[in-house]
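Down below is the structure, laid out as structure tokens.
The values are calculated or read from the model by the stated rules, or taken from the named source; none is laboratory data. Worth saying up front: this structure is predicted, and the values here are computed from it rather than measured. Positions of Cβ are generated from backbone atoms using ideal geometry, with glycine treated the same way; all protein chains shown enter the neighbour counts. When the accessible area is computed, the model is the full protein with side chains, heavy atoms only, and any ligands, DNA or RNA have been set aside. Shrake-Rupley method; radii C 1.70, N 1.55, O 1.52, S 1.80 Å.
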Amino acid sequence: MLTAINLHKTYRKDAILTPVLRGLDLEVLPGEFLSIVGMSGSGKSTLLHLLGTLDRPDEGEVRFDGKRIDDLRADKRDRLRNETFGFIFQFYHLLPELTALENVLMPQMISHSVLGWLGRRRALRRRAEELMERVGLSHRLHHRPRELSGGEMQRAAIARALINRPRVLLADEPTGNLDEDTGREIVSLLHDLNRQDGLTIVMVTHNREIAAGTDRVVRLHAGRVESPIALSSPFLAET
Ligand code: ADP
Ligand code: MG
């Protein structure tokens, strides 16, 4: 569904080069809940940005449904990103001046013309309210982010990520700023979305227990996906 082929990415700041991804290959299967783990600085966020077309690789390709998406023209790439990917982050990135409901509606406001928005605003608002209910936040529609707990902010961010009906949810350490129990609740919500709605999820996490609960775990090391020890590997066959 979503494929990374031979991705290379080096950051340049002044004369300093930081090679991060060095020929990374990864295939995300439709409907799977995939975890990405690896040391801090191993390139997990960089990989999510490239998969979600927020940034472009120096070399290699990203394909979605078999079509190359990393080299699309900027306007096409923006539209594809809006329609295809939902993002959630460790620090939520909600707009502080907007209510939770308005934050959830924001991606729809961006993707419509003014007239389109005015014409559909009631239906969209209803959909946003349904999503708020889906994530367990019906009682917090009109609260602003500073009036919400961390778990509630992440729930609002999840509803916002879902408003455009994305095919893939990209989650960058979504529990990294939450206590253990709240983190577990958020991951349990992600599992529900994965199982009940068939949402494909790629999640970066530092939490082993949380990673172990997902369908598959890949580890980044030295700019690539560390090869799993397959049952057919000669190493295992020998022992
Ligand atoms: P992770 O998410 O696994 O902690 P990142 O993908 O955020 O790792 O970063 C990988 C490396 O690239 C780090 O060494 C980081 O300092 C560097 N890096 C990330 N973003 C930039 C940037 N915009 N400019 C320069 N260096 C960056
Ligand atoms: Mg990161």
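Miscellaneous remarks
- Net charge over other residues, Cβ less than 9 angstrom from the Cβ of residue 6 (K, R count +1; D, E count -1): -3
- A Stokes-Einstein calculation at 4 °C with viscosity 1.567 mPa s, built on the Kirkwood radius of segment 107-239 over Cα pairs, returns a diffusion coefficient of 75 µm²/s.
- Taking Lys and Arg as +1 and Asp and Glu as -1, the other residues whose beta-carbon sits under 15 Å from that of residue 191 total -1.
- Solvent-accessible surface (1.4 angstrom probe) belonging to residue 134, in square angstrom, nearest 10: 80
- Proximal charge balance of residue 226 [Cβ under 14 Å; K/R count +1, D/E count -1]: +4
- Normalised per residue, the accessible area of the chain is 54 Å², obtained with a 1.4 Å probe and no contribution from ligands, DNA or RNA.
- GNM top mover of 209, 185, 173 - the chain, alpha-carbon springs below 10 Å: 209
- Cα Rg, Dmax (largest Cα-Cα span) when computed across segment 108-175, Å: 12.9, 38
- Relative to the current alpha-carbon distance between residue 16 and residue 149, full extension at 0.36 nm per residue lengthens the span by 43.9 nm.
- Taking amide hydrogens as placed 1.01 Å from N in the peptide plane, the amide H of residue 148 sits under 5 Å from that of no residue at least 5 positions away in sequence or on another chain.
- GNM result for the chain, Cα springs below 10 Å: residue of 159, 171, 15 fluctuating most strongly: 15
- When the convex hull of its Cα atoms is projected in every direction, mean area for segment 15-142 (nm²): 11.1
- Shape box of segment 145-189 [Cα atoms, principal axes, largest first, Å]: 29, 21, 15
- Estimated FRET transfer efficiency when R0 is 25 angstrom, pair residue 113-residue 83 (beta carbons, to 0.05): 0.95
- Each 10 Å bin, from zero up to the one with the longest distance, holds this percent of the alpha carbon pairs of segment 13-60: 20, 54, 22, 4, 0.
- The stretch between residue 165 and residue 179 holds 2.2 nm of extra length on full extension. This uses 0.36 nm per residue minus the Cα-Cα distance.
- Cubic angstrom per residue, convex hull over Cα atoms of the chain: 156
- Among 201, 36, 110, the residue with the largest mean-square fluctuation in a Gaussian network model of the chain, with springs joining Cα atoms closer than 10 Å, is 110.
- Using a Förster distance of 30 Å, the FRET efficiency for residue 221-residue 71 (Cβ separation, nearest 0.05): 0.65
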